[in-house]
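Colleague: What follows is a structure written as C-alpha cells; I'll ask about it next.
No lab work stands behind these numbers, since they all come straight from the coordinates. Everything numeric here is computed off the predicted structure, so don't read it as measured data. Note that each Cβ is placed from the backbone with ideal geometry, even for glycine, and that neighbours are counted across all protein chains shown.
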Amino acid sequence: MKKCLYTYRVLNRNSPPDDNTESKEHIIPYALGGSNDFVTYDCSKRANNDFGRDIDAPFVALPIVGFKRHEFGIQGQSGNVPPIEMKATVVELNEEGTMVFPHEGKPYVNLPLKPNGSMSEGRIAFNRPPEKVKAAVNGLLKKANRKGFTVLAQDLSPITDSTTCTQSATRQTGQTVQVDMKLGIGNFFEPWAKGILKIVLGLGHKVLGEQWSFSPSGGRIRMALVKPSMQWKSIGIKGDVLCQLPPEIRTLLRIRP
C-alpha cells in the first residue's frame, strides 16, 4: 500500500479525489525550475495543497530566491518571471508603497493611488501613477454612466475614456527610498530552511526510495516540516543553512565585501 510522503496516510485513486487521493508532487517546486518529469505521486491531495501553501509559497516568495529566479530567468506557471516586491517608504513624501524589481527594466516604487476629491464634491484629481490612473478613471466613468453623470476634464470637455487623463498624469516618487527588509527567524530562516528540507525529503524519496524516506532519518526531516523551528532541537536535526546574498540584497543591507 502506497503511503503519503508527508503524512504517512494510505493513498487511494478515488474519482472524484478526496484528501487522501494521490496527486502529482514536484520534487523541485515548479516555480524554481521544477520539471513535470521529475515528480512523485506518493503525496496526498491534501498534503500537496497544505505544503504548497505553507512551505513552497513562503520559500518561493523570499527575495533571495526571487533574485535567483531573475538571474536564471525561471518562469512561473503564467509563463512570466514574476517581479520581486518589498515594502518601502519614500522619504520625501513620507508615504509607504512597494519597491518593485521587474525581471526586465529598472526598479521602481509603486505608490498607492490617492485621489483628491470625490464624485459628491464634483471634482476628482489623480496624480500618479499613469497605469493606476487609467484603471481608476475607467471605473469612475462606469459609475458615472450608471448614475447619469457626465465626467468633465479641466477644460470642461466631456471625458469618454481614460486616454486624456493618463496623458496628464504624473508619477511622483521622490528620491530616497527605504526598503523594509528584515532577516529574522519567522520571515527568513524558517521559510528558507523548510523549503530546502522539503526538497531534501523529496529527493531522498525519489533517489533512495521508501526505505530511506520512511526511516528515522527521513522522519526527522518530515517532523521539521510540520513543527516550528523553535522545536527543532528535540528532533535532532543539526547543521547550517548557508546562502550567498545577491548583490542587490547586499546593497540594500549596506553589506560590503
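Colleague: Could you please report the charge total around Phe51, scoring K, R as +1 and D, E as -1 over all other residues with beta-carbon less than 12 angstrom from its beta-carbon?
Modeller: The answer is +2.
Colleague: Sticking with this one: Of Lys182/Lys233; Lys134/Lys198; Lys45/Lys87; Lys106/Lys134; Lys87/Lys134, which sit over 32 Å apart, Cα to Cα?
Modeller: Listed pairs above 32 Å: Lys134/Lys198; Lys45/Lys87.
Colleague: For Glu95, list long-range residues whose amide hydrogen, built 1.01 Å from N in the peptide plane, is under 5 Å from its own amide hydrogen.
Modeller: It is Val90, by chain and number.
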